[in-house]
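The values are calculated or read from the model by the stated rules, or taken from the named source; none is laboratory data. These numbers were taken from a predicted model, which means no experiment stands behind them. We place every Cβ from the backbone using ideal geometry, glycine too, and count neighbours over all the protein chains shown. In case anyone asks, the SASA skips ligands and DNA or RNA and just uses the protein heavy atoms, side chains included. Shrake-Rupley method; radii C 1.70, N 1.55, O 1.52, S 1.80 Å.
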Amino acid sequence: MTANNSEAHLKQAPFAEGDVAMVYDQRKRRYRVELKPGALVETHLGYVTHNEIIGRCEGFFLVTNKGHRLFIIRPPFADAVKELPRQSQVIYPKDLAALLMHADVYPGARVIEVGLGSGAASAALLRAVGPDGAVVSHEVREEVVDAAKRNVAHLAPGAANHRIVLGDAYTGGLGRDEADRVIADVPEPGRLLDAAAGVLRTGGVFAGYLPTVLQLHELIMRLTRDDRWHMAEAFELLERPWHFSETSARPDHRMVGHTGFIATARRTEPPPRAG
């Protein structure tokens, strides 16, 4: 079963023992629940039983013993990413979405990822490339690999087109297979530009995710000085949710501010000489 079909089947199937449900109360607090017969979902507003969830398809309400409604669905990808067990910082959902869009990751694309981390970006890439694409993840830290594999299996179930290469991409390179996209979440992505230029097809995209503006500046300067790259761009995203009531509409008191910068550039043939 392909990753896309497996995930679609899971989303549409009734909840079963061992599945994970996401429960939201009326104040939008969420509770991640692994379903076990006879267990309780205990919230600030009362409880419901797991038995009331098992056997039903997502998208329904239950009423707690205190008379409050709870909404039950399967974990959305964005919420599941936030809940991942991990040994390294996860790329925030707002940045994952922008990374896929601005790197123009498409169904069937061949993607090289540098920095496996929690596996969240790998799973997002696998969902984007679909069963006809491929994702190869390079990771130098052996201790994060097993946890990342479990996270990828959880977020992109059934994906058979993901390969992990253990080693230092700075010194060992990115292999010989041609790629459509290279995505780097490492401290010094500029050190990967030679290797990335060697594997990316003409018109392919290099994208870097960086936490600080000094790292971003160094990468952009390297890209703009190298005639193998064109259209170098960089940005950050700030996410501000809003609160609505019958009498007001205002920004929430809390917002998702800076989480990281995204930089992209296109692989190009050397430009013709002027004149």
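Just a few scattered comments:
- Assigned charges on the beta-carbon of Lys, Arg, Asp, Glu; the range 180-265 dipole about Cα centre (debye): 40
- In degrees, nearest ten, helix 3-12 long axis to first principal axis of the chain (Cα): 20
- In the full protein context, the chain carries 54 Å² of accessible surface per residue, based on a 1.4 Å probe and ignoring ligands, DNA and RNA.
- Projecting label points 7 angstrom from Cα along Cα→Cβ for residue 252 and residue 26 puts them 2.0 nm apart.
- Label sites at residue 141 and residue 11, each approximated as a point 7 angstrom past Cα along Cα to Cβ, lie 3.1 nm apart.
- Candidate lysines for bridging to residue 28, where Cα separation is under 28 Å - those fewer than 8 sequence places away on the same chain excluded: 11, 36, 66, 82, 94
- Once the Cα atoms are used to define both axes, helix 120-129 deviates from the longest principal axis of the chain by about 80 degrees.
- Using alpha-carbon coordinates, inclination of helix 145-155 to the longest axis of the chain, degrees: 60
- Note on residue 51 and residue 153: their simple-model spin labels are 3.1 nm apart, each label 7 Å out from Cα toward Cβ.
- Shown here: the chain, whose C-alpha atoms stretch 78, 47, 31 Å along the first, second and third principal axes, sorted largest to smallest.
- For the range 65-187, the Rg and Dmax computed from alpha carbons only, in angstrom: 15.6, 61
- The P(r) of the range 142-207 has a tail past 18 Å containing 47 percent of all C-alpha pairs.
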